[in-house]
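Asker: This is the structure, below, for whatever I ask next.
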Amino acid sequence: MDTKNHCLKIQTGEAPKFYDVTNEIESIIDKTNFISGVVVVFSKHTTAGIIIQENEPLLLDDFSTLLGSVAPIDKEYNHNNFEIRTVHMHEDECPNGHSHCQHILIGTSETIPVIDNCLALGQWQRIFLVELDADFNDEREIIVQLIGN
């Protein structure tokens, strides 16, 4: 058994927004000639997650509406109160408590079987990076780990 690690960088900008990264993951699998095992797709962020879902625009709009109703941006969050918050602060801190709360629903990673050099996804399944923080102004990093041979 072998393990191969790759870092995929995705430039985001809007939130909530679903970035389909399936083709990039397939390209990594193809380039490494990975035949059989699993691929773990992991977001290194707490305000951007990874999900498997259908890439249907109206459905993605429904998900955005759901996320906004569960953790609306205009609600008060203790995380956003910079007068009382004392940890994990930096100069350009932004009020993103809603993004962290939405992330709990989405999660950080997905594990997908690879069979004969192909992702074993269902007919409509796609892998998404879900951006939840519109104020994040850098590339998102996704770790793609191939475990198998």
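Asker: Any residue at all in region 34-52 that is among the hydrophobic types (A, V, I, L, M, F, W, C), outside any strand (DSSP E or B), farther than 17 Å from Asn5 by Cβ and touching a Leu at 6+ places or on another chain (Cβ under 7 Å)?
Answerer: No, there is no match, as no residue in region 34-52 is among the hydrophobic types (A, V, I, L, M, F, W, C), outside any strand (DSSP E or B), farther than 17 Å from Asn5 by Cβ and touching a Leu at 6+ places or on another chain (Cβ under 7 Å).
Asker: Can you tell me how many residues in region 53-86 are part of a loop (DSSP other than H, G, I, E, B), farther than 14 Å from Ile104 by Cβ and over 20 Å from the mean Cα position of the chain (by Cα)? Please lay out each step first, then the result.
Answerer: Taking region 53-86 and keeping what is part of a loop (DSSP other than H, G, I, E, B), we get 55-56, 71-77, 81-86.
Okay, now just the ones that are also farther than 14 Å from Ile104 by Cβ, so 55-56, 72-76, 81-86.
Right, trim to over 20 Å from the mean Cα position of the chain (by Cα) and you get 74-76, 81-86.
Count: 9.
Asker: Out of region 120-136, which residues are hydrophobic (A, V, I, L, M, F, W, C) and more than 18 Å from Ser27 (Cα to Cα)?
Answerer: Initially, region 120-136 is screened for residues hydrophobic (A, V, I, L, M, F, W, C), giving 120-121, 124, 127-130, 132, 134, 136.
Once the filter is applied, which keeps residues that are hydrophobic (A, V, I, L, M, F, W, C) and more than 18 Å from Ser27 (Cα to Cα), region 120-136 yields Trp124, Val130, Leu132, Ala134, Phe136.
Asker: From the list Leu60, Leu146, which one is closer than 26 Å to Asp2 by Cα and either of a type in the set (A, V, I, L, M, F, W, C) or surrounded by 13 or more Cβ atoms within 10 Å (Cβ to Cβ) (or both)? Walk me through how you get there before you give the answer.
Answerer: Numbers: Leu60 fails: closer than 26 Å to Asp2 by Cα.
Only one candidate passes the filter, namely Leu146.
Asker: Moving on to the next point. Considering Asp92, Asp61, which residue is of a type in the set (D, E, K, R), out of contact with any helix residue (DSSP H, G or I) (no Cβ under 6 Å at 6 or more places or on another chain) and under 20 Å from Asn137 (Cβ atoms)? So that I can check it myself, show each step before the final result.
Answerer: Values: Asp61 fails: under 20 Å from Asn137 (Cβ atoms).
Sole residue among the options that is of a type in the set (D, E, K, R), out of contact with any helix residue (DSSP H, G or I) (no Cβ under 6 Å at 6 or more places or on another chain) and under 20 Å from Asn137 (Cβ atoms): Asp92.
Asker: Which of the residues belonging to region 1-31 are surrounded by fewer than 15 Cβ atoms within 10 Å (Cβ to Cβ) and not in a strand (DSSP E or B)?
Answerer: Once the filter is applied, which keeps residues that are surrounded by fewer than 15 Cβ atoms within 10 Å (Cβ to Cβ) and not in a strand (DSSP E or B), region 1-31 yields Met1, Gly13, Glu14, Asn23, Ser27, Asp30, Lys31.
Asker: For residues that are surrounded by fewer than 20 Cβ atoms within 10 Å (Cβ to Cβ) and among the hydroxyl-bearing types (Ser, Thr, Tyr), scanning just region 32-50, find the one that is nearest to the chain's Cα centre (by Cα).
Answerer: Thr46
Asker: Please pick out the residue among Ile29, Ile25 that is in contact (Cβ under 8 Å) with a residue 40 or more places away in the chain and within 16 Å of the chain's Cα centre (by Cα).
Answerer: Numbers: Ile29 fails: within 16 Å of the chain's Cα centre (by Cα).
Every option except Ile25 fails the conditions.
For every residue, the table says whether it meets (1) out of contact with any Cys (no Cβ under 8 Å at 6 or more places or on another chain); (2) within 21 Å of Asp138 (Cα to Cα).
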{"position": "Lys31", "(1), (2)": "yes, no"}
{"position": "Val41", "(1), (2)": "yes, yes"}
{"position": "Thr47", "(1), (2)": "yes, yes"}
{"position": "Ile51", "(1), (2)": "yes, yes"}
{"position": "Gly68", "(1), (2)": "yes, no"}
{"position": "Tyr77", "(1), (2)": "no, no"}
{"position": "Thr86", "(1), (2)": "yes, no"}
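Any read-out appearing in this document is the output of simple, stated calculations on the displayed coordinates, not a laboratory observation. Note that the coordinates shown come from a computational prediction; the quantities given were computed from them, not determined experimentally. For neighbour counting, all protein chains shown are included, and Cβ atoms are generated from backbone atoms with ideal geometry for every residue, glycine included.
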